[in-house]
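Let me begin by presenting the structure, written as structure tokens, before commenting on it.
Every number here is computed from the coordinates shown, using simple stated rules; none is lab data. Predicted, not measured: the structure shown is a model, and the values here were computed from it. Neighbour counts are summed over all protein chains in view; Cβ atoms, including those assigned to glycine, are modelled from backbone coordinates with ideal geometry.
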Amino acid sequence: MAEFERAGGPGPDQVAGLEQMPLDELRAKRDDCARAETELSYLRRLAQARIDLVMAEGQSRRGGRRPSGDLVERLAHILGDHQRGQGSGGRLPAFFAPDEGVQADLAARVEAVLPSDRLGSLAELDQEVLDAVLGELTALEREVSRQRRELHDVMDRLQEEVVRRYRTGEATVDALLG
């Protein structure tokens, strides 16, 4: 939860009293959540890509293959949608990538577990180290996924309130355009 609060999104306790909140403030909170969701999605994608690479190395080992150039040759296949399904559907993001500074901060969390410069040498890591890295990346991905679910709950609540106001006439399209 702290991740999307750090990113400027409201926490669940901050959605109390939405019925009294001015519409502009409600929309601003919703936009903050959308930015935070973009950041969490970006972090999750970074972690998932490394998980896929570490898992592919493990599969190579179980298959008896250990050629050093194998990873680069199989990169497109490893990181393709087929690894984790054909996409999850879900929400269309309002923001497609975080700001560059935020990207660097988020990437640093994944880099701390498995630096980019070690990706090409996964075959050189012993199995115990590879398993530990996979465990840390998986834990990071699960935590980010949990935060995203909580954030989506907040976003849904904010959107429900906006829709409620239009349905009841408390907010009008004319006021929005005027």
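Take peptides 20-26, 150-156, 33-39 and line them up by average Cβ neighbours within 10 Å, highest first, as a rough protection proxy.
Top of the packing list down: 33-39, 150-156, 20-26.
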Computed label-point distance, nm, for sites A123 and Y166 using a 7 Å Cα→Cβ extension | 5.5
What is the spin-label model distance, in nm, from R146 to D99 if the labels are put 7 Å beyond Cα along the C-beta direction?
-> 2.9
